[in-house]
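The structure appears below as structure tokens.
The values are calculated or read from the model by the stated rules, or taken from the named source; none is laboratory data. It should be emphasised that the depicted structure is a prediction, and the values quoted were computed from it without experimental measurement. For neighbour counting, all protein chains shown are included, and Cβ atoms are generated from backbone atoms with ideal geometry for every residue, glycine included.
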């Protein structure tokens with residue numbers, strides 16, 4: 001029985017492959033469409049996609065074109081070819097603004113751009129594009145059943161931008177470019193005032209100000225130490241129980257001592 005089963009499977013696979021090859025070489029668009037749809041339903045998206053791409057030009061302007069374009073876009077989406085999928089879904093929505101599949105197409109287009117968003121350490125151009133597309137979708141369909149998922153994706157992408165800005169400030173601190181670190185923290189706080197990373201960002205700003213003051217040339221030392229002390233007071237006022245407070249306090253007391261010595265010499 002097992003042998004018969006395997007023989008049937010092989011026969012079906014061979015037949016399917018044979019039909020695909022015939023459709024691929026055929027000049028008949030209807031054959032390509034029909035076989036492509038069968039392959040799509042069977043989850044063979046790459047083969048279906050290839051047939052759809054061949055059939056679409058011959059169906060342009062015909063009633064079948066709407067479904068064919070949607071299936072073609074979705075085949076790319078199922079293959080995780082998100083750049084192509086996003087492009088085709090947007091084309092579909094533009095070509096068929098009254099289609100019952102328009103909302104689904106725009107949702108999957110937005111999700112395609114979300115999938116293209118890289119890790120926070122890389123350039124975030126695709127993340128900005130994804131946020132724009134998700135926002136456009138929710139503006140058009142505010143009551144969508146996808147709204148909860150869209151909001152979660154927006155939150156995730158927004159945090160990625162926060163993390164990028166925060167890590168930039170932190171990296172400047174690590175490489176001893178304290179002026180750039182302070183400036184980056186200031187920009188971070190302006191751009192993300194409610195960030196969960198604000199506590200550590202303010203600590204990094206204080207530490208950068210402290211390092212800048214204690215390592216300063218003599219004629220700038222007083223102003224920079226005073227700036228460090230002011231940054232400590234801002235940090236402590238906002239986060240009196242911070243895990244960074246002990247370290248910050250030690251540096252603060254050292255800054256006070258150095259400032260006192262500077263004033264005494266002056």
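Residue check: is residue 226 within 19 Å of residue 167 (Cβ to Cβ), out of contact with any strand residue (DSSP E or B) (no Cβ under 7 Å at 6 or more places or on another chain) and either in a helix (DSSP H, G or I) or at pLDDT 95 or above (or both)?
When the stated conditions are applied, residue 226 does not pass them.
Collect the residues in the range 192-205 that are farther than 17 Å from residue 246 by Cα and crowded, with 17+ Cβ neighbours inside 10 Å, keeping them in residue-number order. Within the range 192-205, 192, 195, 197, 198 qualify.
State yes or no: is residue 250 within 20 Å of residue 177 (Cα to Cα) and surrounded by fewer than 16 Cβ atoms within 10 Å (Cβ to Cβ)? In short, no. Out of the range 88-106, which residues are more than 21 Å from residue 142 (Cβ to Cβ) and either surrounded by 16 or more Cβ atoms within 10 Å (Cβ to Cβ) or touching a helix residue (DSSP H, G or I) at 6+ places or on another chain (Cβ under 6 Å) (or both)? Within the range 88-106, 88, 92, 96 qualify.
Take the range 77-86 and flag every residue that is loosely packed, with under 14 Cβ neighbours inside 10 Å and not in a loop (DSSP other than H, G, I, E, B). Steps first, please.
Of the range 77-86, the ones loosely packed, with under 14 Cβ neighbours inside 10 Å are 80, 83.
Of everything in the range 77-86, just one residue is loosely packed, with under 14 Cβ neighbours inside 10 Å and not in a loop (DSSP other than H, G, I, E, B), namely 83.
For every residue, the table says whether it meets (1) within 17 Å of residue 68 (Cα to Cα); (2) out of contact with any strand residue (DSSP E or B) (no Cβ under 9 Å at 6 or more places or on another chain); (3) assigned to a loop (DSSP other than H, G, I, E, B).
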{"residue": "88", "(1), (2), (3)": "yes, yes, no"}
{"residue": "91", "(1), (2), (3)": "yes, yes, no"}
{"residue": "100", "(1), (2), (3)": "yes, yes, yes"}
{"residue": "110", "(1), (2), (3)": "no, yes, no"}
{"residue": "137", "(1), (2), (3)": "no, yes, no"}
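Answer with yes or no whether residue 130 is within 18 Å of residue 161 (Cα to Cα), touching a residue at least 40 places away in the same chain (Cβ under 8 Å), crowded, with 22+ Cβ neighbours inside 10 Å and touching a helix residue (DSSP H, G or I) at 6+ places or on another chain (Cβ under 7 Å). Spell out how you get there, then give the answer.
Working: within 18 Å of residue 161 (Cα to Cα): yes; touching a residue at least 40 places away in the same chain (Cβ under 8 Å): no; crowded, with 22+ Cβ neighbours inside 10 Å: yes; touching a helix residue (DSSP H, G or I) at 6+ places or on another chain (Cβ under 7 Å): yes.
Spelling it out, it is not the case that residue 130 is within 18 Å of residue 161 (Cα to Cα), touching a residue at least 40 places away in the same chain (Cβ under 8 Å), crowded, with 22+ Cβ neighbours inside 10 Å and touching a helix residue (DSSP H, G or I) at 6+ places or on another chain (Cβ under 7 Å).
Of the residues making up the range 223-242, those that are free of Cβ contacts under 8 Å to residues at least 40 places away in the same chain and in contact with a helix residue (DSSP H, G or I) (Cβ under 6 Å, 6 or more places away or on another chain) are 224, 225, 227, 228, 229, 231, 232, 235.
Look at residue 208 and say whether it is surrounded by 13 or more Cβ atoms within 10 Å (Cβ to Cβ), touching a helix residue (DSSP H, G or I) at 6+ places or on another chain (Cβ under 7 Å) and not in a helix (DSSP H, G or I). Explain how you work it out, then say what you get.
Details: surrounded by 13 or more Cβ atoms within 10 Å (Cβ to Cβ): yes; touching a helix residue (DSSP H, G or I) at 6+ places or on another chain (Cβ under 7 Å): yes; not in a helix (DSSP H, G or I): no.
No.
Would you mind stating whether residue 220 is surrounded by fewer than 21 Cβ atoms within 10 Å (Cβ to Cβ) and either free of Cβ contacts under 8 Å to residues at least 12 places away in the same chain or not in a helix (DSSP H, G or I) (or both)? Here the answer is yes, as residue 220 does meet what is asked.
Scan the range 167-191 for residues that are in a loop (DSSP other than H, G, I, E, B) and under 22 Å from residue 240 (Cβ atoms) and the total you get is 0. A Cβ distance below 7 Å, combined with a sequence gap of six or more or placement on separate chains, defines the contacts here; from the range 108-127, residues that are more than 14 Å from residue 76 (Cα to Cα) reach residues that are assigned to a loop (DSSP other than H, G, I, E, B) in the pairs 126/117; 126/118; 127/117.
With respect to residue 70, determine if the residue is within 22 Å of residue 108 (Cβ to Cβ), buried (at least 21 other Cβ atoms within 10 Å of the Cβ) and modelled with pLDDT of 95 or more. It would help to see each step written out before you state the result.
Numbers: within 22 Å of residue 108 (Cβ to Cβ): yes; buried (at least 21 other Cβ atoms within 10 Å of the Cβ): yes; modelled with pLDDT of 95 or more: yes.
Against the criterion (within 22 Å of residue 108 (Cβ to Cβ), buried (at least 21 other Cβ atoms within 10 Å of the Cβ) and modelled with pLDDT of 95 or more), residue 70 qualifies.
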